[in-house]
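**Q** Before I ask anything, here is the structure I am working with.
The values are calculated or read from the model by the stated rules, or taken from the named source; none is laboratory data. What you are looking at is a predicted structure, and each value in this text was computed from that prediction instead of being measured. For neighbour counting, all protein chains shown are included, and Cβ atoms are generated from backbone atoms with ideal geometry for every residue, glycine included. The accessibility values were calculated without ligands, DNA or RNA, using every heavy atom of the protein model including side chains. Shrake-Rupley method; radii C 1.70, N 1.55, O 1.52, S 1.80 Å.
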Amino acid sequence: NRFPTTMQNFIEAEVAAAHRRSVRAKADLKTKADAEQYVTHVQEQIAKCFGPKPERTPLNARVTGKLDRVTYTVEKIIFESRPNFPVTANFYLPKSKAKVPGVVGTCGHSSNGKSAEAYQSFAQGLARLGIACLIFDPIGQGERIQYLGENGRSTVGVGVREHIQAGNQQFLVGENLSMWRAWDGIRALDYLLTRTEIDPKHVGVTGNSGGGTMTTWLCGVEQRWTMAAPSCFVTTFLQNVRNELPADTEQCPPGVLAAGLEHEDFLIAQAPKPLAILAKERDFFDVRGAEAAFQRIKRVYKLLGAEDNVRLFVGPSEHGFSIENRQAMYECFMRATGRGDGPVPEPTLKLEADQDLWCTKTGQVDELKPATVFDFTAGKARTLAKQRQELSGQQLRAEVSETLRLPPERPPLPSYRILRDFGDRGFPRSRSTAYALKTEGHIDVICYRLSDQRHLSRPPSGQVAACLFVSHRSADAELRSDAWLRSELEKRSGEIYALDVRGVGETMPNTCGIDTFDDVYGCDYFYAAQSVMLDRPYLGQKVLDVLQTIRWINQFGASEIELVAFGWGALVSTLAAVLESSVSKLTIDRRVESFTALATQDDYQMPLAYLPPGVLERFDLPDCDRLLGQRLS
């Protein structure tokens, strides 16, 4: 591929622009009133991105066991954050006659969730210092595996893989795992505040890595916290993009970059409450971003008259809730609760065996016959299918355009370069010319014109009709090897073009490691997730490339365009055909039947790039097929 950095350059420029808006907004604050108004503003923007909170249904909390230790107890608790959606938690409670502060503990990625060494360490450490801690298993970890196989293990992989498998699919029905994960934390706080042993004037939240993410998000979506200490997460979205660092679905809230929000804004949403940002010198979450974020947060706190309430601690080692970071967290919470004002050594710990901390008999909530994230997604997809009304052509085009976030005004007609002649490539015709079309901004897509004659200049004028093949993964490879495609193109006598939309073929990225395109956590997922945060679905960007290419072909006289495609290209082409009146025919093969089908299969196979957020709230592919009617074959 000749343009492997196209998507990196484009996405980095888009995220950098969003970052500048966020930085500028804070730099413009001059007074305490400005700062207070900004805190309210980010709270409102975060609420819009995360979506409405679900109904507060009964917790149905129960204690399934208890460990009695010298200075504290550990209760094994199960509560429901949603109906029949159990959360397993350990409640570390100091033995005290007086009310004690309480902390919700959020876990990072670990197969054993709350039982992992670092996580039970901080929970136990807090209890030994006189602060209660309710630490719970995240979705897809510990006792909460969502895709449980007959061997008692996840069929897709614990943690990251479960989060991506469930989270990507949720977008189709207008849900997002960021809010789902945060809601577990909010309901954990609800439970904590039901306990008479807890002093409601002192409730905090802490966690590391994925738990650092949740701590950060929880600061943005829940205002009852009185203190917080996220560890090994806070940097900037921009640093993560520049460092080509993928993040789980729940770490990529929809529309957050479009709203001008950065990591720090979620913490500013709690200002001026006590806050400790815990980073690591050798973390993959870039400490430079943490330092810059801290300075911007500190300036807001200073305007609010509480500069001393925010601190940054940078541990010397690699990613993890190591003892140095835990002690910085203890110090923050001891100070915030009036229990100390200086370094706090970690008490001597004695860790428990995983099984002794289980809230269930088998170590999995599956024994309770619970609903899974997938069950909720599939159920909502079926409900939406029943609720959707049949749309007129104009209505459907409007819904498609809005779902894909296509610009109301098309970018300029593509400028183009004519690339070197590569001779006979084994295409259905003996010669080809490659054009690099600038469909928008930093994006160059490759379009081949197939011919039986050597042609080194612009396409000839005077053509009436043309055929445009939209590739699945690579026009170059598919023109040479796909039997169905070659058979179809050999029937065409007129002009033939072949297009690689952005992110595949000639612009397939070489980022996020080596040959990661097909990895669950690879470069294709990375740019799709960034696009979700930019509120520019990757699928919409690809459709825009097709629409711009059609315009480019139109200028040479072709007023009728036939689109030919299979696989991912067929999905892109279907949506383009709905929107573009000059598409006279659509010939497709091996296209997914519907988005509903993807949302109701737990083992669906479709990259995030082709799962537009909220699509099933608006339309589905059969609606497109009905509109296309006889044009579709």
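**Q** Once you charge only the Cβ atoms, +1 for Lys and Arg and -1 for Asp and Glu, what is the size of the charge dipole of the stretch 481-628 about its Cα centre, to the nearest 20 debye?
**A** For this selection, approximately 420 debye.
**Q** Pairs to check: Lys53/Lys438; Lys32/Lys95; Lys53/Lys386; Lys26/Lys201. Give those whose C-alpha atoms are more than 31 Å from each other in this structure.
**A** Lys53/Lys438; Lys32/Lys95
**Q** May I ask for the Kirkwood hydrodynamic radius of the stretch 1-118, worked out over all distinct Cα pairs and given in angstroms to one decimal?
**A** 19.8 Å
**Q** What spacing in nm lies between the two simple spin-label points modelled at Leu193 and Glu367, each 7 Å away from Cα in the Cβ direction?
**A** 3.2 nm
**Q** Something else about it: State the answer as a single residue: which of Tyr38, Leu479, Ala228 lies farthest towards the positive end of the charge dipole of the chain, with beta carbon charges of +1 for Lys and Arg and -1 for Asp and Glu, about the Cα centre.
**A** It is Tyr38, whose Cα lies furthest towards the positive end.
**Q** Just checking the chain: which Cys have no other cysteine's beta-carbon under 4.7 Å?
**A** Cysteines lacking a close Cβ partner in the chain: Cys49, Cys107, Cys133, Cys219, Cys232, Cys252, Cys332, Cys359, Cys447, Cys467, Cys624.
**Q** Let me ask another. Calculate the FRET efficiency for Arg2 and Ala98 from the Cβ-Cβ distance with a Förster distance of 60 Å, rounded to the nearest 0.05.
**A** With R0 = 60 Å, the Cβ-Cβ based efficiency is 0.30.
**Q** Let me ask something else about it. Say each of Gln463 and Ser633 gets a label point 7 Å from the Cα, pointing the same way as Cα to Cβ; how far apart are those two points in nm?
**A** Here the answer is 1.9 nm between the modelled labels.
**Q** Count the DSSP beta bridges whose two residues both fall in the chain, then state the antiparallel fraction as a percent rounded to the nearest 5.
**A** Once the DSSP bridges in the chain are tallied, antiparallel ones form about 50 percent.
**Q** Expressed as a whole number of Å, what is the distance separating the alpha-carbon centroids of the stretch 191-205 and the stretch 121-137?
**A** 13 Å
**Q** Related question: Which one of Leu571, Ser594, Leu611 is farthest out on the positive end of the charge dipole of the stretch 558-633, using unit charges on Cβ (Lys, Arg +1; Asp, Glu -1) and the Cα centre as origin?
**A** About the Cα centre, the residue reaching furthest to the positive side is Leu571.
**Q** Please list 280-290, 154-164, 534-544, 211-221 highest first by mean number of surrounding beta-carbon atoms within 10 Å per residue.
**A** 211-221, 534-544, 154-164, 280-290
**Q** Between Gln223 and Ile418, what is 0.36 nm times their sequence separation minus the Cα-Cα distance? Round to one decimal in nm.
**A** Working it through step by step, the gained length comes to 64.5 nm.
**Q** Between Glu390 and Thr73, what is the spin-label point distance in nm, taking each point 7 Å from the Cα along the Cα→C-beta axis?
**A** For the pair Glu390/Thr73, the computed spacing is 6.4 nm.
**Q** Of the listed peptides 550-559, 55-64, what is their order by residue-averaged count of other C-beta atoms within 10 Å, with the highest listed first?
**A** Descending mean neighbour count gives 550-559, 55-64.
**Q** Using Cα centres only, tell me the gap between the stretch 76-107 and the stretch 1-56 in whole Å.
**A** Computed from Cα coordinates, the inter-centre distance equals 32 Å.
**Q** Determine the dipole magnitude for the chain: charges of +1 sit on the beta-carbon of Lys and Arg, -1 on that of Asp and Glu, nothing else is charged, the reference point is the Cα centre, and the result goes in debye to the nearest 20.
**A** The dipole magnitude comes to about 1040 debye.
**Q** Size of the dipole of the stretch 304-438 about the Cα centre, Lys and Arg at +1 and Asp and Glu at -1 on the beta carbon, nothing else charged, in debye to 20?
**A** My answer is approximately 1220 debye.
**Q** Going by average Cβ neighbours within 10 Å, how do the peptides 178-188, 18-28, 609-619 rank, with the highest at the top?
**A** Top of the packing list down: 178-188, 609-619, 18-28.
**Q** Also: Can you tell me the FRET efficiency between Ala13 and Glu617 if r is taken as the Cβ-Cβ distance and R0 is 30 Å, rounded to the nearest 0.05?
**A** 0.50
**Q** With the other protein chains left in place, how much accessible area per residue, in square angstrom, belongs to the chain at a 1.4 angstrom probe?
**A** Each residue of the chain exposes 37 Å² on average to a 1.4 Å probe.
**Q** A follow-up question, please. Pick the calculated semi-axes √(5λ) of the Cα gyration tensor in Å for this structure from [x] 50, 26, 21; [y] 35, 34, 21; [z] 75, 31, 21?
**A** Given [x] 50, 26, 21; [y] 35, 34, 21; [z] 75, 31, 21, the calculated one carries the label [x].
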